[in-house]
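In what follows, a single structure is set out as structure tokens and then discussed.
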Amino acid sequence: MSDFFEKVLTGITGVMRTVADSLTYLLRKTRIKKQIKDTQYKKMQMLRNLGELVYSLHMSGDLSVDECAPMCDKITSYGEEIKELQSKAKEIEEQKIAPADEEKPQLPMPDTAVCTDNPDETDTSSAEM
């Protein structure tokens, strides 16, 4: 009987070791993936900062790179488009706050009587006999 329990205990120990190894593997893999993601984010931030610097230098005339000119012009047009869209959004927000009287929907008055569950006393077909 004790041989049976030793085999069960050995099996459980093996399973626990396998689970622990799997968890260790997953934790190490997750940690590396997070480091990759963080490093990629830092890289994108640095590229963004570099792009903003080149754009500013090009627009101020301190830097002249032929390949930058069309991109800088496009960035400027995007900036203008954003300003227009922001002003439209502001107009919509102002209309939401104070709508004009003509924009308020006019609901017609109902031309029917209110129905009730009580039988109509004037209706002879619904009168109790």
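The values are calculated or read from the model by the stated rules, or taken from the named source; none is laboratory data. Please read all numbers here as calculations on a predicted model, not as lab measurements. Cβ: placed from backbone, ideal geometry, glycine included. Neighbour counts: every protein chain shown. Areas reflect the complete protein model, heavy atoms only, side chains present, ligands, DNA and RNA absent. Shrake-Rupley method; radii C 1.70, N 1.55, O 1.52, S 1.80 Å.
If you go through segment 61-76 and keep only what is outside any loop (DSSP other than H, G, I, E, B) and surrounded by 10 or more Cβ atoms within 10 Å (Cβ to Cβ), you end up with Cys68, Ala69, Met71, Cys72, Asp73, Lys74, Ile75, Thr76.
When we screen Lys96, Lys43 for residues that are modelled with pLDDT of 90 or more and open to solvent by 100 Å² or more (accessible area, probe 1.4 Å), the only hit is Lys43.
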